[in-house]
Amino acid sequence: MTAASAKEQRIAIIGGGPGGLTLALILQRHGIKAVVYEREDSDKNRDSGGSLDIHEDTGQIALKEAGLYEQFKAIARYEGEDFRLLDKTGKIYMDEVAGVDDTGERPEIDRGTLCDLLLNALDPECLHYGHKLIEAIPLDNGMHELRFENGHVDTVHLVVGADGAFSRIRPLLTDAKAEYSGLSMVELNVDNAAVAHPELAAFNARGKMFGLADHQAILAQLNGDGRIKVYLSFRAERDWLDTCDIPFNQPKEAKRKLLQYYSDWDEQLKNYIHCSNDKMIPRRIYMLPVGLKWAFKSGVTLIGDAAHLMSPFAGEGVNLAMLDATQLALAIAHYDDLDEAVSVYEEKMYVYSSRSAGESDKNLKLIFSDDAATKLKEMFDQYHQQAELKE
Ligand SMILES: Cc1cc2nc3c(=O)[nH]c(=O)nc-3n(C[C@H](O)[C@H](O)[C@H](O)COP(=O)(O)OP(=O)(O)OC[C@H]3O[C@@H](n4cnc5c(N)ncnc54)[C@H](O)[C@@H]3O)c2cc1C
């Protein structure tokens, strides 16, 4: 296949999350057309997550390749790197404050704002909302037939699964399934915190707050829209959210029951529950086996959570999804042959994603272990010392 013919190959991306959108945009910048099929009727990225820190060596590289780095820098929240670490008594272990002139390595941006940047730069013709993939069928000629719930059928040379934790493309490559990580969360939101709850807003500061004790956590992060997003986190059996008898659709009673799990926690920490609005989202955290690989197959690959779903405790999920997109797009632009491009991408991706998945797994165990605040502080101290030695 010549370079010109590579551009004529039909490429479908399943999923319009940060990974799929980044891939489509970088391909577009290299003159390569791809089609994105997204199951939702319109972009829902704003609804499905909070503030994300975008790392210098992963997500920011993707934004540079996507031509969005300057726009990102103009709106990224560098002060969002503030970090407070406490135990349940309110004892403070870490209180990191980003300086006024800091342009640190991990500035924050809300997931919706990040995806808006990508969407504004993408040719809208490549986006197909309301297309839920039901099945991808390998054909004898090496192509894949894609069947959608709305009856649409497409046949493509390369299908990229960017369809998240429960990917419908993954079974074409591996039997591995997303397994429950042992962690359940209840997501809460404190609206307009600075105005409506100034005391809590001051306590939380401008970035993240981790309160850790007794194999539980209150994890909070200030978002760009003034909300504090809160994840009450529990080490629990897979069915705990069903059996815990917390009526998540009756907020007053649910809050009362949730507060019982934090009865001996400091009042400032309990305030995150008191001040939250009435919407509660129970979540189970899933992960794929650390170091997952598959035997190369022509015409199909995975990026992002579909390839290496991990718990959020390395803060890498969205960053890796965007780095995968970059590596795959650049390989497709560079190599004449799609198979060669996919193979080069997959070999690179296995190396960095297994490192992050291992780190995320280790951090999850540490954050929910005995005396977790002390251990997490020690881990950060070691990390800072190593960084200083490198300078
Ligand atoms: C509670 C929580 C907190 C997190 N915090 C962070 C953090 O601080 N930092 C960080 O980097 N990461 C974080 N993550 C992880 C991050 O959200 C994911 O890693 C990231 O969104 C992965 O991007 P993706 O594009 O691969 O998949 P997704 O964002 O999951 O997007 C997949 C898309 O595919 C679509 N789709 C699914 N199935 C189909 C189908 N059959 N047909 C068509 N479309 C389909 C979905 O609708 C969706 O739009 C967090 C995750 C959770 C759960």
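The values are calculated or read from the model by the stated rules, or taken from the named source; none is laboratory data. In this text, all values refer to a predicted model and were calculated from it rather than measured experimentally. Cβ sites come from the backbone with ideal geometry, for glycine too, and all protein chains shown count toward neighbours. Accessible surface is based on the protein model in full, side chains and every heavy atom, while ligands, DNA and RNA are left aside. Shrake-Rupley method; radii C 1.70, N 1.55, O 1.52, S 1.80 Å.
Could you give me the residue pairs with C-beta distances under 9 Å whose first residue belongs to segment 87-104 and is on the phi > 0 side of the Ramachandran plot and at pLDDT below 95, whose second residue is surrounded by 14 or more Cβ atoms within 10 Å (Cβ to Cβ) and charged (D, E, K, R) wherever it lies, and which are 6+ apart or on separate chains?
none
Could you list, in sequence order, all residues of segment 117-133 that are part of a loop (DSSP other than H, G, I, E, B) and either near the ligand (Cβ under 9 Å from one of its atoms) or not assigned by TED's automatic domain parsing to the domain that holds Lys33 (or both)?
Across segment 117-133, the qualifying residues are His131, Lys132.
As an exercise: evaluate Ala6 against (1) open to solvent by less than 30 Å² (accessible area, probe 1.4 Å); (2) at pLDDT 95 or above; (3) not charged (D, E, K, R) and give the number of the one condition it does not meet.
Tallying (1) open to solvent by less than 30 Å² (accessible area, probe 1.4 Å); (2) at pLDDT 95 or above; (3) not charged (D, E, K, R), Ala6 fails exactly one: (2).
Take the conditions assigned to a loop (DSSP other than H, G, I, E, B) and of a type in the set (A, V, I, L, M) and apply them to Ala136. Does it pass?
No; evaluated as a whole, the condition is false for this residue.
Of everything in segment 233-245, what is away from the ligand (no atom under 11 Å from the Cβ) and either surrounded by 22 or more Cβ atoms within 10 Å (Cβ to Cβ) or of a type in the set (A, V, I, L, M) (or both)? Give them in sequence order.
Across segment 233-245, the qualifying residues are Ala236, Leu241.
Regarding Ser360, is this residue more than 9 Å from the ligand (Cβ to nearest atom), open to solvent by less than 10 Å² (accessible area, probe 1.4 Å) and assigned by TED's automatic domain parsing to the domain that holds Ile11?
Here the answer is yes, as Ser360 does meet what is asked.
With the requirement that a residue be more than 11 Å from the ligand (Cβ to nearest atom) and surrounded by 19 or more Cβ atoms within 10 Å (Cβ to Cβ), what does segment 46-67 give you?
Result: Gln60, Ala62, Leu63, Glu65, Ala66.
For segment 328-347, indicate whether the set of residues that are open to solvent by 20 Å² or more (accessible area, probe 1.4 Å), within 16 Å of the ligand (Cβ to nearest atom), closer than 18 Å to Lys64 by Cβ and touching a residue at least 12 places away in the same chain (Cβ under 8 Å) is non-empty.
No, segment 328-347 has no match at all.
Given the residues Ala306, Ala314, which is the only one that is more than 17 Å from Asp57 (Cβ to Cβ), within 9 Å of the ligand (Cβ to nearest atom) and not assigned by TED's automatic domain parsing to the domain that holds Gly207?
Being more than 17 Å from Asp57 (Cβ to Cβ), within 9 Å of the ligand (Cβ to nearest atom) and not assigned by TED's automatic domain parsing to the domain that holds Gly207 holds for just one of Ala306, Ala314, which is Ala306.
Quick one: how many residues across segment 307-325 are assigned to a helix (DSSP H, G or I) and over 17 Å from Gly16 (Cβ atoms)?
Total satisfying the criteria: 7.
Sort out which residues of segment 68-77 are farther than 11 Å from Leu25 by Cα, of a type in the set (A, V, I, L, M, F, W, C) and open to solvent by less than 40 Å² (accessible area, probe 1.4 Å), and write them in order of number.
Of everything in segment 68-77, those that are farther than 11 Å from Leu25 by Cα, of a type in the set (A, V, I, L, M, F, W, C) and open to solvent by less than 40 Å² (accessible area, probe 1.4 Å) turn out to be Phe72, Ala76.
Restrict the check to segment 179-187 and report whether at least one residue is assigned to a loop (DSSP other than H, G, I, E, B) and open to solvent by 20 Å² or more (accessible area, probe 1.4 Å).
Within segment 179-187, not a single residue is assigned to a loop (DSSP other than H, G, I, E, B) and open to solvent by 20 Å² or more (accessible area, probe 1.4 Å).
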